[in-house]
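Here is the structure we will look at.
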Amino acid sequence: MSNEIVIKLLNNISQLLLIKGELSFKSQAYKTAADIIEIQNLDVFSLVKENKLSEVDGFGKALVEKISDYVQNGEMAYYKKLTAEVPESLLELLEIDGLGTKRISKLWKELNVKSKEDLIRVLNDGTLSELTGFGKKLIENLKTNLI
């Protein structure tokens, strides 16, 4: 197990919370924790085993519990619960130029888009053009990049 996995999980949680529509401060807490681990090159696994993760500035009780859950069990129950609510496949859409968490949330909630394939479908059948916030220029750029 490595810090990279914990960093990725925390960053994914941050993005999924935004897509879900949670308040940005919740999302930011996970992003900040991932940044702290990376910048300070913290050995998360040792800190958890020594029960010292809570001593790191920026790591509150809930965050420590979630990271400890991962370190001790090889999975994070909170992440499983979150991805049961918000499809993890939506994260791949963040790689597409012009799509951020707000637009992806709108695609998912209003058109049931959960993947690049779903996005291509709504581009091809024209339903994307009916969605507010998706103008002609953006749709053309998406078509150019995906089709």
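Of everything in region 65-87, what is farther than 30 Å from TRP108 by Cβ and among the β-branched types (Val, Ile, Thr)? Give them in sequence order.
Here is the first cut: in region 65-87, the residues farther than 30 Å from TRP108 by Cβ are 68, 71-72.
VAL71 - this is the single residue of region 65-87 that is farther than 30 Å from TRP108 by Cβ and among the β-branched types (Val, Ile, Thr).
Return the pair list, or none, for Cβ contacts closer than 7 Å from residues in region 93-121 that are at pLDDT below 95 and exposed (fewer than 15 other Cβ atoms within 10 Å of the Cβ) to residues that are assigned to a helix (DSSP H, G or I) and of a type in the set (A, V, I, L, M), at least 6 apart or on different chains.
Filtered contacts from region 93-121: GLY98/LEU138; GLY98/LEU142.
Confirm whether LYS106 is outside the structural domain of VAL56 (by TED's automatic domain parsing), within 21 Å of the chain's Cα centre (by Cα) and closer than 23 Å to LYS31 by Cβ.
Spelling it out, LYS106 is indeed outside the structural domain of VAL56 (by TED's automatic domain parsing), within 21 Å of the chain's Cα centre (by Cα) and closer than 23 Å to LYS31 by Cβ.
Working carefully through the options ILE67, ILE39, find the one that is exposed (fewer than 12 other Cβ atoms within 10 Å of the Cβ), of a type in the set (A, V, I, L, M), at pLDDT 95 or above and not assigned by TED's automatic domain parsing to the domain that holds LYS106.
The conditions single out ILE39.
Residues to consider are PHE45, PHE25, PHE59; find the one that is under 17 Å from the mean Cα position of the chain (by Cα) and farther than 19 Å from LEU94 by Cβ. First the steps, then the outcome.
Working: PHE45 fails: under 17 Å from the mean Cα position of the chain (by Cα); PHE59 fails: under 17 Å from the mean Cα position of the chain (by Cα).
None of the others qualify; the one that does is PHE25.
Within region 42-64, count every residue that is within 17 Å of ASN12 (Cα to Cα) and surrounded by fewer than 15 Cβ atoms within 10 Å (Cβ to Cβ).
1
List the pairs whose first member sits in region 60-73 and is over 18 Å from LYS31 (Cβ atoms), whose second member is loosely packed, with under 14 Cβ neighbours inside 10 Å, and whose Cβ atoms are under 9 Å apart, counting only residues at least 6 apart or on separate chains?
Listed pairs, sorted by first residue: SER68/ASN51; ASP69/GLU75; ASP69/ALA77; VAL71/MET1; VAL71/LYS49; GLN72/LYS49.
The values are calculated or read from the model by the stated rules, or taken from the named source; none is laboratory data. Owing to the predicted nature of the structure, the values given are computational and were not obtained by experimental measurement. Counting neighbours? That spans all protein chains shown, and the Cβs are built from the backbone with ideal geometry, glycine included.
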